[in-house]
1. In the chain, which cysteines lack any other cysteine Cβ under 4.7 Å from their own?
2. Please list the non-local residues whose amide H lies under 5 Å from the amide H of Leu218, H modeled 1.01 Å from N, same-chain partners needing a gap of 5 or more.
3. Of all DSSP beta bridges located in the chain, what percent are antiparallel, nearest 5?
4. Of Glu195, Glu177, how do they rank once you tally other Cβ atoms within 10 Å and put the fewest first?
5. Taking θ = phi - 60°, what integer Hz values does the Karplus form 6.51 cos²θ - 1.76 cosθ + 1.60 yield along the stretch 54-65, in sequence order, with x for Gly and Pro?
6. Would you work out if the stretch 155-214 is rounded, prolate or oblate? Take a ≥ b ≥ c from the square roots of the eigenvalues of the alpha-carbon gyration tensor; rounded if a/c is under 1.5, else prolate when a/b is larger than b/c, oblate otherwise.
7. At 222 nm, what helix-only mean residue ellipticity would the chain give, in deg cm²/dmol to the nearest 500, using -39500 (n - 2.57) for each DSSP H run of four or more?
8. Highest mean first, what order results for 26-38, 116-128, 217-229 on Cβ atoms within 10 Å?
Amino acid sequence: MPHDYKSTVDEIQKVLKEKTKRYAFKKLEREVIATGACIECGSCVAGCPVDAISGKRIENKYIPTLTGECTSCGICYAMCPRAFAIQNELIGNIKSAWKVRSLREHQRQDGGAVTAFLEFMLESKMIEAAVVACQSSEIPWLPIAKRVTDKVQLYDCVGTIYSHAQVVSEMIEGFKEGLSKQAVVGTACNIDAIERMESHPAGFFTVDTEASVFKISLFCMESFNYADLTKFLKDDGIDIQDVKRFEIAGGQFTVNLDDSEKSWPVKELDSAAATSCSYCQDLTGMNSDLSCGNIGSDEGWTTVLVRTALGEKVLQGTLDAGIIEAEQLEAKSVRTVANSARFKKNKYYKLRSSH
Ligand SMILES: Cc1cc2nc3c(=O)[nH]c(=O)nc-3n(C[C@H](O)[C@H](O)[C@H](O)COP(=O)(O)OP(=O)(O)OC[C@H]3O[C@@H](n4cnc5c(N)ncnc54)[C@H](O)[C@@H]3O)c2cc1C
């Protein structure tokens, strides 16, 4: 380029760079983090090519924070599953629907299907690791994302923890350490973050074509802010460290203590719900291979929606290995799931229209 053109172009580029410097992370901060839409998945942290963003824990909430110099590449914004959230479908595309129960003897949240699928995939070497969420050893019921490689570790992380876990960041760490095949368990928002990494031209999976991930989503009406959930329980005289199990079923939120239990209608916990959940319209996790929840099945069973050919293979393989029993779900049960999904959408649209 001729020198006089170059200096003019450089000058304009400098101005642009200065402007976009304020644009890239700031845009994410303004639109997603400050508004409460952030789902604490850590995909902006994991995606930042210059490691300028850190996930800071402030009062046990995970907050993406600019700790280095932003180069304005915009990847953090592009990777964020909450940056342009528009979804029209109710439960997405499904190939088949089942109720599944694990035949293994260990604790589980519902039918233990999620743990059974992961066990099958680990044992048959379909994956090298599974990313799940376990309770922190220091802070009761604070979820810590963990990579597990055998069934003993897997059985240690059964059951549901009703707060955001950074399973996506943990998955990326695994790939960075050299793994090539992992499974991830997460709520729809986590799975959306992974889908964004698969579909965006600058996404992790587009760049690293060796890496593959099997996605299991957990149905989710809402997740809770850890500090607010702790306070909600404390106001009712319950110390979270005494809780043995949490459950959401039939519109009730139940905590099991040593020799008693207490339930509230889920809507009474609205004040403790994660703010990001008011931006979510997806109950079942439409971007996954398998979606699992309790809605639509009897107690002790997991409802499983199969969405992909790989999902079909895993269900069939787990069945053939004798780890689970499964029955095709009746149409009326699928309707129950769809109605719950509609309930979640209704909640979303009412909230949006009041803004
Ligand atoms: C925040 C949240 C809200 C939910 N709300 C509903 C609901 O409204 N209706 C419904 O039908 N189902 C809901 N579920 C799903 C349900 O609680 C069960 O997880 C599901 O039915 C699978 O049961 P299972 O016995 O097959 O799982 P298990 O075999 O017990 O395995 C559960 C797996 O999930 C992992 N896990 C637990 N918590 C998290 C987390 N926070 N993030 C990522 N992974 C995690 C565990 O490590 C384990 O690997 C919710 C789950 C979560 C995390």
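1. For the chain, the answer is Cys38, Cys41, Cys48, Cys70, Cys73, Cys80, Cys189, Cys220, Cys277, Cys280, Cys292, because their Cβ atoms have no other cysteine Cβ under 4.7 Å.
2. Close amide H contacts, sequence-distant or interchain: Gly186, Thr187, Ala188, Cys292.
3. 75
4. Details: Glu195 20, Glu177 9.
The most exposed by this proxy come first: Glu177, Glu195.
5. Values, residue by residue: 10, x, 8, 9, 10, 6, 6, 10, 8, 10, x, 10 Hz.
6. On the way: a/c = 2.55, a/b = 1.52, b/c = 1.68.
It is oblate, given that a/c is not under 1.5 and a/b is not larger than b/c.
7. On the way: 11 runs with 123 residues, N = 355.
For the chain, the value works out to -10500 deg cm²/dmol.
8. Values: 26-38: 18.4, 116-128: 20.7, 217-229: 23.1.
Result, highest mean first: 217-229, 116-128, 26-38.
Each reported figure results from applying straightforward, stated rules to the coordinates on display, with no laboratory input. The shown structure was predicted, so the numbers you read here are calculated from the model rather than taken from an experiment. All Cβ positions, even for glycine, are placed from backbone atoms using ideal geometry, and neighbour counts span all protein chains on display.
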